[in-house]
Amino acid sequence: MIRSRSRSISQPILLCVYLFAILILSSAQAKNVADDVRPTYYIYLAGPEVFLPDPIQAGVDKKQTIERLNQEHNWPFKLVGLYPMDNEIENFAPDFKTGMKIYHANIQLMDQAHFITANMVRFRGPSMDVGTAFEMGYMAGLNKPVFAYYDAKPFYGKDETPGIYAERVARHYPVDADNPGKDAHGQSIEDFQMADNLMMIGSLESGRGEIAPSFEAAVVQIAESLQAQMKQVISN
């Protein structure tokens with residue numbers, strides 16, 4: 001493990017990385033390793049982008065970003081995105097049965113993935129999308145590393161930072177004018193100087209509540225964590 005809170009990749013996968021690392025370190029052609037011989041790691045691409053006017057293109061864009069980063073950095077592994085709308089749902093209809101098909105299909109994608117990167121942008125309120133929150137929790141429950149970023153521009157047409165959750169609540173939800181620690185219904189507003197609910201921030205891989213400023217930055221964080229694990233396996 002890289003940090004005390006880090007969730008490492010399973011031993012069989014690490015063994016694969018270890019053997020491959022020996023191969024590339026002993027080769028003068030390491031920088032030219034072909035894609036088909038590099039181990040592949042899958043990233044589940046979570047976020048409310050599935051609700052955008054063109055959700056499929058949003059997934060295509062993310063996958064193209066990952067492929068560009070693979071080529072630019074020439075990592076000794078290949079990262080591949082798994083997007084919820086990769087699923088083909090038969091007899092799609094706006095009904096309960098279709099919703100359950102989507103749920104199970106997304107679960108299968110997360111079971112396949114090694115990592116998750118989630119857009120924690122505020123969505124229809126001061127907090128993040130609840131479906132994305134579930135997906136982060138599911139992956140954390142599988143002991144798979146959780147990474148996050150905050151990208152507001154596709155939703156609000158402008159860049160913004162996550163800021164502090166309590167401050168965001170005050171901007172987007174009625175609060176008690178005389179007591180900023182309470183909402184208009186007298187209920188307390190969580191304030192631990194975090195960007196969202198403490199359970200979501202606590203699930204992040206860094207253990208420091210680090211939310212990357214962009215999707216690209218989050219993917220690079222995933223690659224760096226893999227490289228660190230590779231080096232640690234070799235050193236041991």
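Readers should treat all values here as calculations from the given coordinates under stated rules, not as data from a laboratory. Given the structure is predicted, the values throughout are model-derived calculations rather than measurements. Quick reminder, even Gly has a Cβ in these numbers, built from the backbone with ideal geometry, and neighbours come from all protein chains shown.
For Lys78, the residues whose amide H sits under 5 Å from its own are Thr40, Tyr41, ignoring neighbours fewer than 5 places away on the same chain, with H placed 1.01 Å from N.
Pairs from the list Lys78/Lys231; Lys78/Lys158; Lys153/Lys182; Lys101/Lys158; Lys144/Lys182; Lys62/Lys144 with a Cα-Cα gap above 24 Å: Lys78/Lys158; Lys153/Lys182; Lys101/Lys158; Lys144/Lys182. Just add up the charged neighbours of Ala166: K/R +1, D/E -1, any other residue whose Cβ is under 15 Å from the Cβ of Ala166. Result for the local shell: -2. Annotation: extensible slack from Ala152 through Met100 equals 15.9 nm (criterion: 0.36 nm per residue apart, minus Cα-Cα distance).
Taking the Cβ of Ala184 as the centre, find all other residues whose Cβ is under 12 Å away and add up their charges (Lys, Arg: +1; Asp, Glu: -1). That sum, taken over residues with Cβ under 12 Å, equals -2. Among residues other than Pro53 with Cβ under 15 Å from its Cβ, the summed charge is -2 (Lys and Arg +1, Asp and Glu -1).
Applying the criteria of a DSSP loop state and at most 14 other Cβ atoms within 10 Å to the trypsin sites (Lys or Arg not before Pro) of region 122-206 yields Arg124, Lys158. Based on Cα contacts under 8 Å between residues 6+ apart, region 124-236 shows a relative contact order of 31 percent.
Here the extension length gained between Glu160 and Ile56 equals 35.1 nm, from 0.36 nm per residue of separation less the Cα-Cα distance.
With both labels modelled 7 Å from their Cα along Cα-to-Cβ, the Gln193 to Asn87 distance reads 4.0 nm. Placing dummy labels 7 Å off each Cα toward the beta-carbon, the span from Glu67 to Ala228 is 3.0 nm.
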